[in-house]
Amino acid sequence: MLHTANLSPESPRFRPIADVAKTLWDKQQAQPHELLHADRHRVLLITMQPGDALPEQYHLYADKTLMILEGCACISSPETNETLHEGDTTTISFGTAHRISNIGKIPLRLLEIRTGACVEDDDTAS
């Protein structure tokens, strides 16, 4: 499990989701497909091409569990780097700065499961 960083909307590293979403999806660094969405949980299937990486981000109110379906990912935070392979899972606590990268040679497919008080994209900051 990655460790929680002390980040808040007052942090100089905070960036609203509108900016993060533009960076993530407009540049085609990841292709998200929503599979399930409820008040306190949300499931996304995300595909990333080899070499792609999402910008560092954190969630204000939602924990995130990642399960690697295909490929190899590096989940990095200021404290650690974790390499995950097909079938591996990790949970990232809310407030933890993290970055997801496809370090493999094939497309990375992962499930992202968000749980918490707010699972919308406006919970994401970088």
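See the values below:
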read-out	value
Residues within the range 100-126 that are under 19 Å from ARG42 (Cα atoms), within 12 Å of the chain's Cα centre (by Cα) and at pLDDT 90 or above, tallied	6
Strands (runs of 3 or more DSSP E) wholly inside the range 70-126 containing at least 1 residues that are among the basic types (Lys, Arg), more than 20 Å from HIS33 (Cβ to Cβ) and in contact (Cβ under 8 Å) with a residue 24 or more places away in the chain	99-102
Pairs with Cβ under 6 Å, 6+ apart, first in the range 40-62 and of a type in the set (D, E, K, R), second in a strand (DSSP E or B) and at pLDDT 90 or above	ARG42/ARG114; ASP52/ASN102; GLU56/ARG99
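The values are calculated or read from the model by the stated rules, or taken from the named source; none is laboratory data. Please read all numbers here as calculations on a predicted model, not as lab measurements. Reconstructed Cβ throughout: ideal geometry from the backbone, glycine too, with neighbour counts over all protein chains shown.
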